[in-house]
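Taking it in order: structure first as structure tokens, then the write-up.
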Amino acid sequence: MTLMAVVVIVMMLVIVVGNIVYGGLGTINWKFLTHPPEQGMEAGGVFPAIFGTVFLVILMVIAVVPIGVLTAVYLYEYTRPDSWITHLIRIAINNLAGVPSIVFGLFGLGFFVGFIGSGIDSVFFYDEGPVWGQPAIIWAALTLSLLTLPVVIVATEEALRTIPQEFKEASYALGATKLQTIIRIIIPQAMPGIFTGSILAVSRGAGEVAPIMFTGAAYYLPYLPAKLNDQFMELGYHIYVMATQSPDVEKTKPILYGTVLVLLLLTFLLNFVAILIRSRMRKKRANV
């Protein structure tokens, strides 16, 4: 029964990926990867969307990993499992993981754009137009970081549980404080698990559309995002727009397939880089 389930899942994966590769492989070429869209998305390439997606994912990882790691360390090292604070935080994390992504988009629009961004404008740019109180790549990245935060917390906690207790006891026996032990022993040992959480976060965040469509993604831009308060194009949103807003869907279908294939390859590439770094760290730790 288990083998049958595995075969069915693998076959479905092969059919879906095979269909995307078959439909998109003929579209991908150097011009498609390095040029902006042309003629109302019916020609040209997807370079601005590739650039925006990579920029967005990097900002998201920078935002989510420190917060997720600190939260996991606090839960595992500083709180009692039976305390009400621990229960409260875990309930919040579980609920956060179950919230639909469109709700994150509306929250990002109200909190990051409407509250924080407009607050910054009212204090520092009150005589100018909206500078930070508008959809921007930083708000989209922070919204995605909230979406992927439970993934990083859970993966980091699992990594912390695998560290032998003897390592901590040896550190304490040498006179190290708890903070020194966490910084110099526990975090380095847990880095492979932290990278696993980052990989899962990248996989989840790179393909999300709903959280960014209100907070920063644009239909078309003639420039690349150069500042944190710039809007940006993103592959997932680009696919959504071409599939739903194009006046001639049949004409844009090859570009649509090509864009989906580029998104898949880009996600695999980002994951591969993270897996490569994680493997190097594991080898380095094994040789210590």
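Measure nothing fancy, just the Cα-based angle from helix 249-287's long axis to the longest principal axis of the chain, in degrees from 0 to 90, nearest 10.
For helix 249-287, the angle is close to 20 degrees.
Counting only C-alpha contacts under 8 Å and six or more residues apart, can you give the relative contact order of region 133-288 as a whole percent?
Here the relative contact order equals 32 percent.
What whole number of Å gives the distance from the Cα centroid of region 1-53 to the Cα centroid of region 213-288?
Measuring centre to centre over Cα atoms gives 11 Å.
Tell me the accessible surface of L228 in square angstrom (1.4 angstrom probe, heavy atoms of protein chains only), to the nearest ten.
About 70 Å², ignoring ligands and nucleic acids.
Using just the alpha carbons, could you tell me how many Å³ per residue the convex hull of region 94-196 encloses?
In region 94-196, the Cα convex hull volume per residue is 134 Å³.
Based only on the alpha carbon positions, what is the Kirkwood hydrodynamic radius of region 28-172, in angstrom?
Value: 18.5 Å, from the Cα pair sum.
Sort T215, T267 by accessible area with a 1.4 Å probe, largest first.
Sorted by accessible area, descending: T267, T215.
Give the cross-link partners of K284 among the lysines, using a straight C-alpha distance below 27 Å as the criterion and excluding same-chain residues fewer than 8 apart.
K168, K178
Using a probe of 1.4 angstrom, how much of the accessible area of region 71-132 is carbon and sulfur, in percent?
70 percent
Where the only charges are on Cβ atoms (+1 Lys, Arg; -1 Asp, Glu), what is the dipole of the chain about its Cα centre, to the nearest 20 debye?
Using only the charged Cβ atoms, the result is roughly 1160 debye.
Positive end of the dipole of region 44-185, charges at C-beta (+1 Lys, Arg; -1 Asp, Glu), about the Cα centre: which of W84, G105, S118 has its Cα farthest in that direction?
W84
Quick one: among V14, V69, V260, which has the greatest mean-square fluctuation in a GNM of the chain with alpha-carbon springs under 10 angstrom?
It is V14.
Per residue, what accessible area does region 36-110 have, given a 1.4 Å probe and all protein chains present, in Å²?
Per residue, region 36-110 has an accessible area of 51 Å².
Order of 155-164, 202-211 by packing, highest average Cβ count within 10 Å first?
The peptides rank, most packed first, as 202-211, 155-164.
How large, in percent, is the carbon and sulfur part of the accessible surface of region 1-45 at a probe radius of 1.4 Å?
Carbon plus sulfur share of accessible area: 77 percent.
Kirkwood hydrodynamic radius (Cα pairs, Å) of the chain?
21.2 Å
Specify which residue in the list F232, L3, A176 is farthest towards the positive end of the charge dipole of the chain, using unit charges on the beta carbon of Lys, Arg (+1) and Asp, Glu (-1), about the Cα centre.
Farthest towards the positive pole: A176.
Please arrange I186, I239, I58 by accessible surface area, largest first, computed with a 1.4 Å probe and ligands excluded.
Most to least solvent-accessible, the answer reads I58, I239, I186.
Per-residue ellipticity at 222 nm for the chain, helices alone: DSSP H runs ≥ 4 residues times -39500 (n - 2.57), over residue total, nearest 500 deg cm²/dmol?
-22500 deg cm²/dmol
Considering all projection directions equally, how large on average is the shadow of the alpha-carbon convex hull of region 196-273, in square nanometres?
6.0 nm²
Can you tell which of A72, A274, A173 shows the greatest fluctuation in a Gaussian network model of the chain with Cα springs below 10 Å?
Sorting by GNM fluctuation, first place goes to A173.
Let me know the charge dipole size of region 162-288 about its Cα centre in debye, to the nearest 20, where only the beta-carbon of Lys, Arg (+1) and Asp, Glu (-1) is charged.
720 debye
Can you pull the accessible area of S246 for me, 1.4 Å probe, Å² to the nearest 10?
20 Å²
Rounded to the nearest 10 degrees, what's the angle between the helix 84-98 long axis and the longest principal axis of the chain, both from Cα atoms, 0 to 90?
That helix lies at roughly 20 degrees to the long axis.
The values are calculated or read from the model by the stated rules, or taken from the named source; none is laboratory data. Remember, it's a predicted structure, so these values are computed and weren't measured experimentally. Glycine gets a Cβ as well: all are built from the backbone with ideal geometry, and neighbour counts include every protein chain shown. Ligands, DNA and RNA are excluded from the accessible area calculation, which covers all protein heavy atoms including side chains. Shrake-Rupley method; radii C 1.70, N 1.55, O 1.52, S 1.80 Å.
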